[in-house]
Amino acid sequence: MEILPATLADADDFARIHREAFAPGPIFVSLLASCTPAALDAHLAARVKLYLSLPDKRLFKAVLDGKTVAWTWWDVPHDGPPVVMPTRTFPEGANVDIATDFFERMASNAAGLMPCYGEHPSP
């Protein structure tokens, strides 16, 4: 297995892998069950391409026998101003009210956790 940096050419594979991994889960079903696979993949591929363009994101893929089998992204420190993410959008067919509430709560909870970089409180 190899771990390699992602490129724009990987976006469609990453979208498919993400959908196949999360589609059976209850959160996914609640938020996105009415989305077609094509609409969801197009939306996710666009988000991957956005992440590849940002200075604070690094995307990687795991390749086995020439096939991408997994991927991840990391938020990393960078020189320059803070990155401002665009307003979150959802693919056609998404339950927008529930999805918006879910991701706002996730962001709010994450903001209250220990910082990824810098000092950490003692246990």
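The values are calculated or read from the model by the stated rules, or taken from the named source; none is laboratory data. The structure displayed is predicted, hence computed values, not measured ones. As a convention, Cβ positions derive from the backbone with ideal geometry for all residues, glycine included, and neighbour counts pool all protein chains shown. Keep in mind that these areas ignore ligands, DNA and RNA; they rest on the heavy atoms of the full protein, side chains included. Shrake-Rupley method; radii C 1.70, N 1.55, O 1.52, S 1.80 Å.
Just a few scattered comments:
- Residues of segment 1-27 that are over 13 Å from the mean Cα position of the chain (by Cα), hydrophobic (A, V, I, L, M, F, W, C) and more than 12 Å from VAL69 (Cα to Cα): ALA6, LEU8, ALA9, ALA23, ILE27.
- Only residues that are more than 13 Å from the chain's Cα centre (by Cα) and of a type outside the set (Val, Ile, Thr) were counted in segment 62-75, giving 5.
- Residue count for segment 59-78, restricted to those that are farther than 17 Å from LEU44 by Cα, among the charged types (D, E, K, R) and modelled with pLDDT of 90 or more: 2
- Matching residues, segment 40-69, being touching a helix residue (DSSP H, G or I) at 6+ places or on another chain (Cβ under 8 Å), open to solvent by 60 Å² or more (accessible area, probe 1.4 Å) and outside any helix (DSSP H, G or I): VAL69
- If the condition is being exposed (fewer than 14 other Cβ atoms within 10 Å of the Cβ) and not in a helix (DSSP H, G or I), then segment 5-35 contributes PRO5, THR7, PRO24, GLY25, ALA33, SER34.
- Taking the criterion of being acidic (Asp, Glu) and either surrounded by 12 or more Cβ atoms within 10 Å (Cβ to Cβ) or at pLDDT 90 or above (or both), the residues of segment 80-104 that qualify are GLU92, ASP97, ASP101.
- Here segment 70-79 is the region considered, the condition is being open to solvent by 60 Å² or more (accessible area, probe 1.4 Å) and assigned to a loop (DSSP other than H, G, I, E, B), and the residue that is farthest from GLU20 (Cα to Cα) is ASP79.
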